[in-house]
């Protein structure tokens with residue numbers, strides 16, 4: 001069992017506080033997706049909102065990755081969570097005063113995306129430094145379990161609150177859920193980095209060094225490309241679930257919550273299963289994760305053709321499982337043996353391409369759904385990505 005990270009008090013504090021913030025994050029994602037659909041009934045706009053929230057990671061993520069390798073990561077984590085708290089409250093106030101428009105919703109999503117693009121390399125640098133080097137793989141697995149537990153509960157709570165109490169109360173609760181994590185961060189004491197002798201590298205040279213690291217390490221480069229390929233179509237589908245929940249099945253906000261929670265349930269099972277599997281071998285991409293990616297992409301067209309609500313819930317759960325198992329395995333493959341001085345830069349590139357692919361997938365699939373229908377859009381997207389993923393795996397097998 002890969003639960004070694006729980007031996008460290010600092011990591012236990014981090015996980016306990018982070019669970020509250022993650023529930024707030026997933027409640028917010030469901031709520032924003034529902035607002036976007038409720039305002040416009042446009043699959044394209046729902047996809048656009050997802051793209052706007054993720055796009056900053058494509059542009060600013062690598063810059064924040066360099067900064068994270070230079071600054072005090074605890075202070076950076078605290079600052080980003082405080083800003084996310086303030087943004088969540090501003091969204092609530094704007095909605096409560098009936099001032100929220102589609103344009104303002106896009107602006108809010110973009111601002112939140114910028115802060116999140118900063119926090120992604122922060123969390124990937126902070127959490128491994130709360131344990132010793134031997135427990136880093138455990139940190140990644142347990143972090144995924146924590147994330148996906150919130151992915152299971154947060155959307156269900158958010159969808160239920162919207163259906164029973166309305167959007168406003170849901171937004172207000174989300175704001176307060178950031179407070180326990182801010183409190184927990186204030187007590188964290190991450191271990192020092194391993195400082196290299198010599199002067200501090202200029203900013204752009206440091207960024208170039210991170211890019212060179214990815215380019216010259218075959219395993220890292222392949223793990224990032226596989227992440228991007230499956231994220232484009234599978235996570236792209238998961239970002240336009242409002243269209244599936246209400247546009248296809250007419251299930252409203254509660255149906256959206258159930259679909260998102262189904263994805264979270266599948267992802268949680270993947271995280272728990274990963275914890276019980278033997279530790280990954282350093283320097284190798286695990287075969288189960290590669291098979292999982294292929295299965296997930298192949299099931300996307302099936303989701304598009306499903307006319308059964310119950311079957312769709314099961315399929316979305318399977319997509320959540322395959323997404324999580326592949327993502328955890330790819331991140332673990334990269335993080336094992338990664339120097340602390342490169343952790344922020346390299347992982348920001350992994351996040352940049354993974355999230356960038358998700359954002360692009362949401363826009364492309366949303367636009368196609370408006371033009372040719374939801375089922376055909378998923379069939380076309382899934383088919384193209386299955387060919388691309390198959391080609392990547394063939395190259396890996398050929399060069400092995």
Mind checking whether some residue in the stretch 47-55 is more than 22 Å from residue 368 (Cβ to Cβ) and at pLDDT below 85?
no
Of the residues 187, 181, only one is at pLDDT 80 or above, within 23 Å of residue 76 (Cα to Cα) and not in a helix (DSSP H, G or I); which?
187
Taking the stated definitions as given, is residue 299 modelled with pLDDT of 85 or more, part of a helix (DSSP H, G or I) and either farther than 22 Å from residue 375 by Cβ or over 21 Å from the mean Cα position of the chain (by Cα) (or both)?
no
Output the number of residues of the stretch 199-212 satisfying the condition of being modelled with pLDDT under 80, surrounded by fewer than 19 Cβ atoms within 10 Å (Cβ to Cβ) and assigned to a helix (DSSP H, G or I).
6
Taking the conditions exactly as written (at pLDDT below 90, farther than 19 Å from residue 369 by Cα and surrounded by fewer than 24 Cβ atoms within 10 Å (Cβ to Cβ)), does residue 281 satisfy them or not?
yes
Residues located in the stretch 164-190, provided they are surrounded by fewer than 22 Cβ atoms within 10 Å (Cβ to Cβ) and more than 27 Å from residue 130 (Cα to Cα):
164, 165, 166, 167, 168, 169, 172, 173
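A quick yes/no check of all residues on (1) under 19 Å from residue 34 (Cβ atoms); (2) modelled with pLDDT of 85 or more; (3) surrounded by fewer than 21 Cβ atoms within 10 Å (Cβ to Cβ):
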| site | (1), (2), (3) |
| --- | --- |
| 60 | no, no, yes |
| 70 | no, no, yes |
| 81 | no, yes, no |
| 87 | yes, yes, yes |
| 101 | yes, yes, yes |
| 112 | yes, yes, no |
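The values are calculated or read from the model by the stated rules, or taken from the named source; none is laboratory data. Keep in mind it's a predicted model, so treat the numbers as computed, not measured. We place every Cβ from the backbone using ideal geometry, glycine too, and count neighbours over all the protein chains shown.
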